[in-house]
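Q: Take a look at this one; I'll ask things after.
The values are calculated or read from the model by the stated rules, or taken from the named source; none is laboratory data. In this text the structure is predicted, and so the values were computed from the model without any measurement. Please note: Cβ atoms are built from the backbone with ideal geometry, for glycine as well, and neighbour counts cover all protein chains shown.
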Amino acid sequence: MATINPDNHGLRLATRYVVLTLIAVIFIFPLLFMVMSSFKPDLQLLRDTSGIRAFLPVGDLSFDNYSAAFKRAPVGTFVFNSVLVTGVTVALSLFFCSLAAFSFVFLNWKGRNILLSIIIATLIVPFETIAIPLLLLVSKLPWIGLEGLQIGWLNTYRVQIIPWIADGLTIFLFVQYFKDLPRELIEASRVEGASWWQIYTKVVMPLAGPVMATAAILKFLVMYNQYLWPLIVVQQETYRPVMVGLQYFFQLNTAWGEIMAYLTLITVPVLAFYLVLQRAFIASIASTGVKG
Amino acid sequence: MASKLTTSNRAGWAFALPGFGLIAMFIVVPFFFAFFLSLTNQRLISPNPTEFIGLSNYKNLLSISVLTIDPETDADGQVLIGDDGQPSYPAVRSFTRNNPDFPQYNGMREWFRWQSGDQAKVVVAKDVVFWKSLRNTLMFVLVVAPLQGAIALGLALLVNQKLRGMNIYRAIYFMPVVVSIVVVSLLFRFIYDGDDGLLNNILSALSFGLFEGRDWLGSESSALGAIMGMSIWQAVGFHMVIWLSGLQTISPTLYEASSIEGASKWQTFRYVTWPGLRNTAVLVLIVITMQAFALFAQIDVMTNGGPLDSTTTVVFQAVERGYGKQDISGGATISVILFLLVLTISLIQRYLTREK
């Protein structure tokens, strides 16, 4: 191997950083373009695409596009719906999936292995292949609410929440995590006379912070970014989430400034959230790669 | 291991049932329901009772055959040459519309043709749009799965270097993953635009004006490619992170050993890194393939399947029929075919990458 002289080393280091930075530009610039454009009037926005100004906060900047977007569509309602559906689903998912995983890992019962195998098998069924039969199913499901018995779940919050609570991946993540906890802890608590519910709430869940964060982040991304499902089960704008609300902006006359404002509005909070919790986000994706 | 202390059928079922019940109800039941529906003529809302119609949904979607057409000849048996210098052929219609001599082609339409000697071979199908969606989806999978996997690995190797600031680069490369593909699709509609699109302007600036610019999504030859590029851009960070976690499981002592042995960079990658990434590679390939088969949002937001069905996909067709035309059984049949396709490809991948 050739000896490395300091200059050569410095040059190679610089090359590496140049390569890394050029790639970073490819990932960042489209998003930067989106945010910058959202503050520019349409004419300037189109003119700016011809140069570096597209990525810079220059010219006539204002929040006009934002107020126009709120006028064109009930943006507040869309955001509220998304936050509600995402929040409730994430919370219920953490509870139901951890409870099931707890039972699969720590309890012995008849049927345990079969049920777990079925759950793992669902991992190879893409949602897209069951969307249409599920649409028919939920259109016929009954529901008992304040107004008495109703048939059909279309155009509701529940149709956006309940089918997404439990999924194979979330249960699988909890199972993998619980398997690494010391079983003696559980058995000792049993000897002391703790009930299963007490062991779940007082012993196991306090130790489950990391896997809760992972499962919550993954579910959050899935739920907030929902598109196909709400598109086919929600026709009323009162229940529409943000991604379906996009349609208001590209169907009639296309006003790119308003579109960019709406895109920025629904994306930047998530990006900020990501940048703050960057390590947790990346760790949660990495943990889906741990092969069981 | 089966200790008396932890045996409890009642508690076990009680804790597992809510989660399992939801999965059974909303994943397992619709999954089998799809098979059932594909054998019926179910519609979303219909005054008529549902009938069991056997395999005819599958026949309508999948019927395909090759029609050989002889050129038209004049009275002497000479082949007639058209204005374009090619032999002229009778219209495909004359074979596929109520022609009692060719009942097997009835109701079919031309997909594409090629010339074989004087004869024209015409591929005809009952549902040409479905076949196009199948072709587009397979093309998308075949290009995106290896390309995205390889780029993700390249990025993972780059940010796995022990240099200052790697965390920042890793965070940036991952950033598009947290942005919804729907948002990305709409944003790229503007970037790919033919008139004021950012991409055209950048390419033209980089080539000092040589690049003429094109309507990326408006042309049959570039629309699917443009969608592939964007999809890779959005999702590649996800798989980079999975590769990274694979890279970090490789023991540093192996790298020390190979550097003591004087191995080159390529040799180290080939004999240390790559073998250590086996399981990760299988996982990445299968995950990307499954995601690629599910291609829908990009199409719905960017092209609606056009131009000329050049970007329509299997999922897009399933949704357009099952939801758009309320033809639940047609949509369900496409879903079943898609599932069988995904399953077959995953099994083949598993077989090809099995431990030898």
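Q: Please state which one of A:V242, A:V211, A:V234 is more than 10 Å from every other protein chain (Cβ to nearest Cβ), more than 28 Å from B:T280 (Cα to Cα) and buried (at least 16 other Cβ atoms within 10 Å of the Cβ).
A: Numbers: A:V242 fails: more than 10 Å from every other protein chain (Cβ to nearest Cβ); A:V211 fails: more than 28 Å from B:T280 (Cα to Cα).
Answer to the check: A:V234.
Q: Given the criteria at pLDDT 95 or above and either within 30 Å of A:F273 (Cα to Cα) or more than 7 Å from chain B (Cβ to nearest Cβ) (or both), does A:A121 qualify? It would help to see each step written out before you state the result.
A: Numbers: at pLDDT 95 or above: no; either within 30 Å of A:F273 (Cα to Cα) or more than 7 Å from chain B (Cβ to nearest Cβ) (or both): yes.
Here the answer is no, as A:A121 does not meet what is asked.
Q: Note down all Cβ pairs under 6 Å where the first residue falls in the range A:46-59 and is at the interface with chain B (Cβ under 9 Å from one of its Cβ atoms) and touching a residue at least 40 places away in the same chain (Cβ under 8 Å), the second is surrounded by 14 or more Cβ atoms within 10 Å (Cβ to Cβ) and part of a loop (DSSP other than H, G, I, E, B), and they're at least six residues apart or on different chains.
A: From residues that are at the interface with chain B (Cβ under 9 Å from one of its Cβ atoms) and touching a residue at least 40 places away in the same chain (Cβ under 8 Å), the pairs are A:L46/B:D196.
Q: Further, regarding this structure: Filter the range A:155-170 for residues that are more than 10 Å from chain B (Cβ to nearest Cβ) and either in contact with a Ser or Thr (Cβ under 6 Å, 6 or more places away or on another chain) or not β-branched (V, I, T) (or both) and give the result. Write out each step before concluding.
A: Going residue by residue through the range A:155-170, those that are more than 10 Å from chain B (Cβ to nearest Cβ) are A:155-161, A:169.
Scanning the range A:155-170 gives A:N155, A:Y157, A:R158, A:Q160, A:I161, A:L169.
Q: Does A:L135 fit the bill of being buried (at least 22 other Cβ atoms within 10 Å of the Cβ) and either among the small types (G, A, S) or in contact (Cβ under 8 Å) with a residue 40 or more places away in the chain (or both)? Steps first, please.
A: Numbers: buried (at least 22 other Cβ atoms within 10 Å of the Cβ): yes; either among the small types (G, A, S) or in contact (Cβ under 8 Å) with a residue 40 or more places away in the chain (or both): yes.
In short, yes.
Q: Out of all the residues in the range B:125-148, is one or more within 8 Å of chain A (Cβ to nearest Cβ) and among the aliphatic types (A, V, I, L, M)?
A: At the first step, the residues of the range B:125-148 found to be within 8 Å of chain A (Cβ to nearest Cβ) are none.
Within the range B:125-148, not a single residue is within 8 Å of chain A (Cβ to nearest Cβ) and among the aliphatic types (A, V, I, L, M).
Quick grid of which residues meet (1) in contact with a strand residue (DSSP E or B) (Cβ under 7 Å, 6 or more places away or on another chain); (2) surrounded by 21 or more Cβ atoms within 10 Å (Cβ to Cβ); (3) within 27 Å of B:F33 (Cβ to Cβ):
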| residue | (1), (2), (3) |
| --- | --- |
| B:I299 | no, yes, yes |
| B:G305 | no, yes, yes |
| B:T312 | no, yes, yes |
| B:F316 | no, yes, yes |
| B:V319 | no, yes, yes |
| B:G331 | no, yes, yes |
| B:F339 | no, no, yes |
| B:Q349 | no, no, no |
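Q: Among the residues of the range A:64-119, which ones are without any contact (Cβ under 8 Å) to a residue 60 or more places away in the chain, closer than 16 Å to A:Y177 by Cα and of a type in the set (A, V, I, L, M)? Spell out the reasoning first.
A: In the first step, residues of the range A:64-119 are kept if they are without any contact (Cβ under 8 Å) to a residue 60 or more places away in the chain; the result is A:67, A:70-71, A:76, A:80, A:83, A:87, A:91, A:95, A:103, A:108-119.
Narrowing the set further to residues that are closer than 16 Å to A:Y177 by Cα leaves A:95, A:103, A:116.
The one that is without any contact (Cβ under 8 Å) to a residue 60 or more places away in the chain, closer than 16 Å to A:Y177 by Cα and of a type in the set (A, V, I, L, M): A:L116.
Q: Out of (1) out of contact with any Pro (no Cβ under 6 Å at 6 or more places or on another chain); (2) under 23 Å from B:A297 (Cβ atoms), what's the single condition that is false for B:I260?
A: (2)
Conditions tested, residue by residue: (1) at pLDDT 90 or above; (2) charged (D, E, K, R); (3) surrounded by fewer than 17 Cβ atoms within 10 Å (Cβ to Cβ); (4) not assigned by TED's automatic domain parsing to the domain that holds B:M302.
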site	(1), (2), (3), (4)
B:G194	no, no, yes, no
B:N201	no, no, no, no
B:R214	no, yes, no, no
B:S219	no, no, yes, no
B:A223	yes, no, no, no
B:M230	yes, no, no, no
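Q: Sticking with this one: If a residue must be at pLDDT 90 or above, buried (at least 20 other Cβ atoms within 10 Å of the Cβ), closer than 28 Å to A:E237 by Cβ and among the aliphatic types (A, V, I, L, M), how many such residues does the range A:24-45 contain?
A: The total comes to 2.
Q: Which numbered condition trips up B:G246, out of (1) under 21 Å from the mean Cα position of the chain (by Cα); (2) surrounded by 19 or more Cβ atoms within 10 Å (Cβ to Cβ); (3) among the small types (G, A, S)?
A: All conditions pass for B:G246, except number (1).
Q: So which residues in the range A:46-67 are at pLDDT 85 or above and surrounded by 15 or more Cβ atoms within 10 Å (Cβ to Cβ), if there are any at all?
A: Within the range A:46-67, A:F55, A:D64, A:N65, A:Y66 qualify.
Q: Something else: Which number in (1) touching a residue at least 12 places away in the same chain (Cβ under 8 Å); (2) closer than 16 Å to B:I242 by Cα; (3) not acidic (D, E) marks the one condition that B:A171 misses?
A: So B:A171 meets the others, but not (1).
Q: Ok, one more. State which residue is surrounded by the fewest Cβ atoms within 10 Å (Cβ to Cβ) when the search covers only the range A:182-198 and only residues that are without any contact (Cβ under 8 Å) to a residue 60 or more places away in the chain and within 34 Å of the chain's Cα centre (by Cα).
A: As a first pass, look at the range A:182-198 and keep what is without any contact (Cβ under 8 Å) to a residue 60 or more places away in the chain: A:182, A:184-185, A:187-195, A:197-198.
The next check asks that each one be within 34 Å of the chain's Cα centre (by Cα); those that pass are A:182, A:185, A:197-198.
Numbers: A:P182: 9, A:L185: 14, A:W197: 12, A:Q198: 12.
For the range A:182-198, the residue satisfying everything is A:P182.
Q: If I filter the range B:334-354 for residues that are under 25 Å from B:S46 (Cα atoms), facing chain A (nearest Cβ under 9 Å) and in contact with a Gly (Cβ under 9 Å, 6 or more places away or on another chain), do I get at least one hit?
A: Yes, some residue in the range B:334-354 is under 25 Å from B:S46 (Cα atoms), facing chain A (nearest Cβ under 9 Å) and in contact with a Gly (Cβ under 9 Å, 6 or more places away or on another chain).
Q: Follow-up question, since we're still on this one. Kindly check whether there is at least one residue in the range A:217-226 that is assigned to a helix (DSSP H, G or I), of a type outside the set (A, V, I, L, M, F, W, C) and more than 22 Å from A:T170 (Cβ to Cβ). Even if it seems obvious, please write down each step before you answer.
A: Going residue by residue through the range A:217-226, those that are assigned to a helix (DSSP H, G or I) are A:217-224.
When the remaining residues are screened for being of a type outside the set (A, V, I, L, M, F, W, C), the result is A:219, A:224.
Applying the additional criterion that residues be more than 22 Å from A:T170 (Cβ to Cβ) yields none.
No, because not a single residue in the range A:217-226 is assigned to a helix (DSSP H, G or I), of a type outside the set (A, V, I, L, M, F, W, C) and more than 22 Å from A:T170 (Cβ to Cβ).
Q: Which one of B:I151, B:I64, B:I69 is touching a His at 6+ places or on another chain (Cβ under 9 Å), of a type in the set (A, V, I, L, M) and over 30 Å from A:K140 (Cα atoms)? If you could, list the steps in order and put the result at the bottom.
A: Details: B:I64 fails: touching a His at 6+ places or on another chain (Cβ under 9 Å); B:I69 fails: touching a His at 6+ places or on another chain (Cβ under 9 Å).
Criteria check complete, one pass: B:I151.
Q: Every residue in the range B:26-47 that is in a helix (DSSP H, G or I) and surrounded by fewer than 17 Cβ atoms within 10 Å (Cβ to Cβ), please. Can you show your working first?
A: First, pick out the residues of the range B:26-47 that are in a helix (DSSP H, G or I): B:26-37.
Listed by number, the residues that qualify are B:V29, B:F32, B:F35, B:F36.
Q: Tally time: how many residues in the range B:112-144 are within 18 Å of the chain's Cα centre (by Cα) and either loosely packed, with under 14 Cβ neighbours inside 10 Å or hydrophobic (A, V, I, L, M, F, W, C) (or both)? Break it down stepwise before answering.
A: Just the residues of the range B:112-144 that are within 18 Å of the chain's Cα centre (by Cα), to begin with: B:128-144.
Imposing the further condition that a residue be either loosely packed, with under 14 Cβ neighbours inside 10 Å or hydrophobic (A, V, I, L, M, F, W, C) (or both) reduces the set to B:128-131, B:134, B:138-144.
Matching residues across the range B:112-144 total 12.
Q: Residues of the range A:248-265 being more than 7 Å from chain B (Cβ to nearest Cβ) and either surrounded by 17 or more Cβ atoms within 10 Å (Cβ to Cβ) or at pLDDT 90 or above (or both), which ones?
A: Step one: list which residues in the range A:248-265 are more than 7 Å from chain B (Cβ to nearest Cβ), which gives A:248-249, A:251-255, A:257-258, A:260-262, A:264-265.
A:Y248, A:F249, A:A255, A:G257, A:E258, A:M260, A:A261, A:Y262, A:T264, A:L265 - these are the residues of the range A:248-265 that are more than 7 Å from chain B (Cβ to nearest Cβ) and either surrounded by 17 or more Cβ atoms within 10 Å (Cβ to Cβ) or at pLDDT 90 or above (or both).
Q: It is to be established whether one or more residues within the range A:157-169 are within 26 Å of B:V287 (Cβ to Cβ), surrounded by fewer than 18 Cβ atoms within 10 Å (Cβ to Cβ) and either in the same structural domain as A:S82 (by TED's automatic domain parsing) or free of Cβ contacts under 8 Å to residues at least 24 places away in the same chain (or both).
A: yes
Q: Right, here's the next one. Residues that are of a type outside the set (G, A, S) and more than 20 Å from the chain's Cα centre (by Cα): find the helices (runs of 4 or more DSSP H) completely inside the range B:254-356 holding 2 or more of those.
A: Working: elements: B:265-268, B:278-293, B:297-302, B:314-319, B:328-352.
Of the helices (runs of 4 or more DSSP H) lying wholly inside the range B:254-356, those with at least 2 residues that are of a type outside the set (G, A, S) and more than 20 Å from the chain's Cα centre (by Cα) span B:265-268, B:278-293, B:328-352.
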